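**Student:** Sharing a structure with you now.
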């Protein structure tokens, strides 16, 4: 059918449009699955590159609405398998709801990436858009959910040193950029635009080179202050599932018994004497400040080993509230320092909109009534300044940075992963801890009730781990450091800069798009005047 000016235009037949849509939808969802397969416990970090190559090719040149849809499919392909541990004991509704809600943020990223895809340097703008979406979902709603940021899939890859320069946001950016640039190079090669493919290929190589280059940048400060011996005690739980806390005293007794065995091993010369002993989150869900029996058991263990125990506990508060706390318990003295979990977990430790969510799941009433603590999360134990990130707090940039800024020389991640069975959750959390080690140049000790506990060096290497659901002890010669990485000095600056760049790219693309109709109209009018002049001359 002729269009304006006599020019013919054609629509694709419906069958071809459907085939093209299905191919793009499959590529988007498949890219998300590839990204998931690159996350722990697997070490296939490089799968992030084809994952974002597929996403970039899928949204290239599309409208924002289509980009949102393809981005959401990518998000579901990634998040549904990644977060399936959230529904192990509570059924599929919370798992599906969380995955769908988080996929909305990925959809928003897809929309922005589609908008900026036609700009010069499109992959750079698009990678910035992705980081902006990660920043948003790490903060809202209910304090955010940073799980599954691209950076947390890179602890085994060559890009990991980038975390010491710009933290998790910059590590996400260069990973996404490398994948998008490779995808753009492949898209141009498929169109036989060989020369045009060179530029994005070079961008991809430059992004991949940032890791080795970042490794050459040493942190500011002195060498290790000294080395201390820290023992991480994994006492185990009596059973898997949500009801393990029904035997709270058994969990406490397990940790006391394993610590007393550690003391016996030290006395027999089978283990080095620790300077500090770590117990995990919920090691004593009986409040030792109100229960003399629990206090006596903890002090007995501390006296046996002869050093302070840094232990996770639940403390009762006013009006049926509670805090998820870590206490420093000195033998024969009791509590000498304390920090409370600063970012409590929605739908687990507390339930927002409780009447509404009670309609969705019978497990809603199992959510606690915990209140967040304040402070920096740093405690002192036997002269060791220790930063405490309780369980999922390790996913939040600001909380870990606050502890390091407050003088933490080593990081500890006390966790209770028993509620997630033998799922990938504990390995995903361990991967985050490895990124934090590099980001802040600190050794990290992960200690859990049921595994996997681990010791991590400042370069992100795991030196020892425990098995799941077994009692065990890790004794580590741990370097204490006062160094400061560039990421520690910049803190959120790289993230905000990338967010601003992504927004600027979207704005620039919108302005250019808005100017195109007027330019086309002006060209049409000039052509019309020229034709009129030709007619008059004729």
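Per-residue answers, yes or no, for (1) crowded, with 20+ Cβ neighbours inside 10 Å; (2) assigned by TED's automatic domain parsing to the domain that holds residue 500; (3) part of a helix (DSSP H, G or I); (4) modelled with pLDDT under 95:
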residue	(1), (2), (3), (4)
54	yes, yes, yes, no
74	yes, yes, yes, no
89	no, yes, no, yes
93	no, yes, yes, yes
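Yes/no per residue for (1) surrounded by 21 or more Cβ atoms within 10 Å (Cβ to Cβ); (2) touching a residue at least 60 places away in the same chain (Cβ under 8 Å); (3) assigned by TED's automatic domain parsing to the domain that holds residue 36:
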| position | (1), (2), (3) |
| --- | --- |
| 118 | no, yes, yes |
| 132 | yes, yes, yes |
| 138 | yes, yes, yes |
| 143 | no, yes, yes |
| 156 | no, yes, yes |
| 171 | yes, yes, yes |
| 176 | yes, yes, yes |
| 181 | yes, no, yes |
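**Student:** Follow-up. Where in segment 338-455 are the strands (runs of 3 or more DSSP E), entirely inside, with at least 1 residues that are touching a residue at least 24 places away in the same chain (Cβ under 8 Å) and within 24 Å of residue 140 (Cα to Cα)?
**Tutor:** 384-388, 410-415
**Student:** Given 296, 301, which one is out of contact with any strand residue (DSSP E or B) (no Cβ under 8 Å at 6 or more places or on another chain) and modelled with pLDDT of 95 or more?
**Tutor:** Answer to the selection: 296.
**Student:** Quick check on residue 314: is it farther than 20 Å from residue 419 by Cβ, in a strand (DSSP E or B) and in contact with a strand residue (DSSP E or B) (Cβ under 7 Å, 6 or more places away or on another chain)?
**Tutor:** no
**Student:** Could you pull out the residue among 332, 312 that is farther than 23 Å from residue 368 by Cβ, assigned by TED's automatic domain parsing to the domain that holds residue 475 and touching a residue at least 12 places away in the same chain (Cβ under 8 Å)?
**Tutor:** Only one candidate qualifies: 332.
**Student:** Would a scan of segment 396-403 turn up a residue that is buried (at least 22 other Cβ atoms within 10 Å of the Cβ) and under 17 Å from residue 280 (Cβ atoms)?
**Tutor:** Within segment 396-403, not a single residue is buried (at least 22 other Cβ atoms within 10 Å of the Cβ) and under 17 Å from residue 280 (Cβ atoms).
**Student:** Here is a follow-up. Looking at residue 246, is it assigned by TED's automatic domain parsing to the domain that holds residue 323, modelled with pLDDT under 95 and more than 27 Å from residue 483 (Cβ to Cβ)?
**Tutor:** Judged against the criteria, residue 246 is a match.
The values are calculated or read from the model by the stated rules, or taken from the named source; none is laboratory data. The model shown is predicted, which means the values in this text are computed figures rather than measured ones. Neighbour counts are summed over all protein chains in view; Cβ atoms, including those assigned to glycine, are modelled from backbone coordinates with ideal geometry.
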